[in-house]
Structures are given as C-alpha cells and as structure tokens.
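What follows draws every value from the coordinates through simple rules; no lab data is involved. Fair warning: this is a prediction, and the values are worked out from it, not measured in the lab. Every residue, glycine as well, gets a Cβ built from its backbone with ideal geometry; the counts of neighbours run over all protein chains shown.
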Amino acid sequence: MVPPPVAVPPAGSTNSSFVRADNSFVTPPPLTSETGLLDIGFTRFITPVWISVIWIICIVSNVISFLASLGWIGIIAYGMSQGSRNAWTGEMSGGNPAVGVFVFLLGIVVSIILHLLSLLLDRIFLEVTIVLFRIEENTRAMWSKSAGRT
C-alpha cells in the first residue's frame, strides 16, 4: 500500500513534485487541455470553469418550476371556486369564486417567495464553493512563493 502524497516539499527541493512519507516523489501530470473530466488525480479543478453554467441552470430550473407551480395553483384555485360534489348525495356544495381568487393570489405570492429563496440559497452555495477554490488557489500560490517557486 502506497501512502498518500504529502503537500510538503523536501528540504532544498526546487521542483514542483510532492513527496510521500517514505521520501519517494510523486510528480503531478502537466496541466493540459486534456486534463479535465478525465483527470483522475484531481490536479486541475473544473468547478470554477463550470460554475457560471451551473448558475444559469439553477435560474432556468427555478423559472420552469415557478411556471409549473402557477399551473398547479391555478388548478387548485379553480377547483376551490367551483365547489365539490357530495359523493353520497350527488349535490354540489361550496363554490365561492372569491375563495378561488384569494387562493390563487396567495399561491402566487408564496410561490414567488419560495422560488426567490431557492435562488438565493443556490447562489450562496455556489459562492461558498468558489470561495473554497479561491482559498486553494491562494494557498497554493503562498506555498509556491514560500518555497521559492515564483
């Protein structure tokens, strides 16, 4: 079993290799255009590149979800405005159009609030993700600078 790489360069080393606990070297593959989804060693991150696409997908899916919820709210409000038929007697009861309008308007307001909250949480999650990648980039730059690899 091979020990995992340690992110500490050997004393006096000037190359960009990683050293394992047993002092053997692991050189990461060069960063080329081929190292993306197929990069098994995770030496290049694709999340910062794709984060804007993910954000657009979040916006589009929230709009589609909002439109679908409007349809369901409309169906429920229409049913409430028409009333219901008693299963035993067959008589119609209820059916107040004002209730249907109120439920539809309330449903729209609640749906807008929930979908905006969903977009806000999506955005916060994506920003936290980017912050973690920026921390990694800054840490790597500080490590390279302290090791004399500018």
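Key figures
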item: Point-to-point label distance, Ile112-Trp143, nm (Cα→Cβ direction, 7 Å offset); result: 4.9 nm
item: Relative contact order for the stretch 39-145, counting Cα pairs under 8 Å that sit 6 or more residues apart, in percent; result: 29 percent
item: Cleavage-rule hits, GluC sites (Glu not before Pro), the stretch 58-150, DSSP coil, Cβ neighbours within 10 Å at most 16; result: Glu91
item: HN-Hα J in Hz across the stretch 39-56 - Karplus 6.51, -1.76, 1.60, θ = phi - 60°, x for Gly and Pro; result: 7, 6, x, 6, 8, 10, 8, 9, 4, x, 6, 8, 5, 5, 5, 4, 5, 5
item: Cut-off under 5 Å, modelled amide H: who pairs with Gly95 long-range; result: Gly83, Ser84
